[in-house]
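S.K.: Below you will find the structure I want to go over with you.
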Ligand code: AMP
């Protein structure tokens with residue numbers, strides 16, 4: 001699998017290359033992996049999952065686009081890492097057929113779009129609360145990429161769990177003809193979820209950042225005792241690392257990002273280490289109501305950040 005992928009920079013090039021993918025007899029599924037580039041082990045997992053889903057006749061298409069619409073005015077749009085040559089080399093190794101790497105002008109030919117996707121209430125909490133406008137920007141670009149590449153399947157990482165939930169909701173609410181496939185979070189050996197932004201971390205920042213997955217694991221270990229115990233355990237670990245600035249810790253329903261009931265839920269958190277913002281999550285299975293001892297004791301709400 002070392003054939004070079006075709007690289008499309010304009011929408012016209014993409015349209016021609018996309019049409020060529022349908023020429024097989026019969027053509028296999030097109031599987032899209034949307035990314036912002038600076039590809040790492042997490043993306044590699046997505047590419048491998050996509051290759052398997054595409055099957056021998058199908059094709060994997062990767063988009064690489066740092067979407068200005070999802071960055072706030074004080075965020076890192078200008079310094080976000082851009083490593084296109086290495087990204088294309090990784091795509092070649094992973095059997096990707098087509099890379100779409102447009103400019104902002106190519107993606108937004110009318111300038112900043114006036115018509116955008118409204119992510120609804122689940123887009124306003126947690127990440128949406130700390131990054132106003134973020135999910136509107138994400139869903140708008142994802143919808144555009146789906147229209148441009150017309151995949152049968154699109155692959156998303158569970159690392160960005162709220163994004164995954166909102167993309168699925170958009171597919172349902174807007175009747176999009178695409179199957180969304182989730183891929184588990186890739187972690188480095190020390191437990192930190194891989195991220196393009198990890199390269200901003202100094203060694204000292206990284207040591208601080210490790211409290212995030214440690215806190216999630218500590219919370220996860222107490223799941224059988226209920227949500228209160230999960231949150232208390234996670235917060236204890238975070239408190240022991242004061243250099244980590246915590247934005248939120250919460251237990252949420254994985255589909256709605258509202259309050260979690262008994263059964264599968266997500267422990268989600270976001271924090272900043274040395275100016276770099278990190279998000280992470282781990283699954284928990286909560287006991288039936290009243291079964292968790294700590295829950296009965298605290299009876300409190302789900303997390304630090306309110307979800308309405
Ligand atoms: P990004 O380039 O950061 O926008 O991410 C592109 C895709 O890769 C998204 O679906 C992310 O959820 C996914 N992704 C990023 N980091 C990881 C990771 N550590 N494990 C699994 N998927 C990831």
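S.K.: Relative contact order of the chain, please, whole-number percent, based on alpha carbon pairs below 8 angstrom and at least 6 residues apart.
M.R.: 17 percent
S.K.: Let me ask something additional. Suppose each label sits 7 Å from its Cα in the direction of the beta carbon; what would the residue 48-residue 4 distance come out to in nanometres?
M.R.: For the pair residue 48/residue 4, the computed spacing is 2.7 nm.
S.K.: Moving on. If you find the alpha carbon centre of the range 23-81 and of the range 246-277, how far apart are they in angstrom?
M.R.: 24 Å
S.K.: Now for a different question. Would you please state which residues of the range 189-226 a label at residue 288 would reach in this model, taking the label point 7 Å out along Cα→Cβ and a backbone N cut-off of under 16 Å?
M.R.: Residues passing the 16 Å test: 224-226.
S.K.: Per 5 Å bin, what percent of the C-alpha pairs of the range 1-141 does each bin hold, from zero upward?
M.R.: 2, 9, 17, 20, 19, 16, 11, 5, 2, 0
S.K.: Could you tell me what percent of the DSSP beta bridges with both partners in the chain are antiparallel, to the nearest 5?
M.R.: 50 percent
S.K.: Per residue, how big is the convex hull of the range 1-50 when only Cα atoms are used? Give it in Å³. All intermediate terms of the calculation are to be shown ahead of the outcome.
M.R.: Working: hull volume 5.5 nm³, N = 50.
Given the Cα convex hull of the range 1-50, per-residue volume reads 109 Å³.
S.K.: Sort the following peptides by mean Cβ neighbour count (other Cβ atoms within 10 Å, averaged over residues), highest first: 186-198, 35-47.
M.R.: So the order, starting with the most tightly packed, is 35-47, 186-198.
S.K.: Counting other C-beta atoms within 10 Å, which of 103, 63 has the fewest, and how do the rest follow?
M.R.: 103, 63
S.K.: Is the C-alpha gyration tensor of the range 146-240 telling us rounded, prolate or oblate? Criteria: a/c under 1.5 is rounded; beyond that, a/b larger than b/c is prolate, otherwise oblate. Walk me through the intermediate numbers first.
M.R.: On the way: a/c = 3.25, a/b = 1.64, b/c = 1.98.
It is oblate, given that a/c is not under 1.5 and a/b is not larger than b/c.
S.K.: Okay, next question. Calculate the all-directions average of the projected area of the range 187-228's alpha-carbon convex hull, and give it in nm².
M.R.: 3.5 nm²
S.K.: Given the range 12-84 reduced to its alpha-carbon atoms as identical point scatterers, what log10 I(q)/I(0) does the Debye formula return at q = 0.16 Å⁻¹?
M.R.: Here log10 of I(q) over I(0) equals -0.70.
S.K.: What percentages, rounded to whole numbers, describe P(r) for the chain computed over all alpha carbon pairs with 10 Å bin width beginning at zero?
M.R.: 6, 26, 33, 23, 10, 2, 0
S.K.: In percent, how large is the relative contact order of the range 72-176, given Cα pairs closer than 8 Å and 6 or more residues apart?
M.R.: Working: 42 pairs, mean separation 24.2, N = 105.
Relative contact order of the range 72-176: 23 percent.
S.K.: Residue 174 to residue 221: FRET efficiency via 1/(1 + (r/R0)^6), r the Cβ-Cβ distance, R0 45 Å, to the nearest 0.05?
M.R.: 0.70
S.K.: Something else now. Between helix 161-173 and the chain, what is the angle of the helix's C-alpha long axis to the longest principal axis, kept within 0 to 90° and rounded to the nearest 10?
M.R.: Around 60 degrees separate the two axes.
Here, each number is a calculation from the coordinates, and none is a lab measurement. Since we're looking at a predicted model, the values are computed, not measured. A quick note on method: Cβ atoms are made from the backbone with ideal geometry, for glycine too, and the neighbour counts reach across all protein chains shown.
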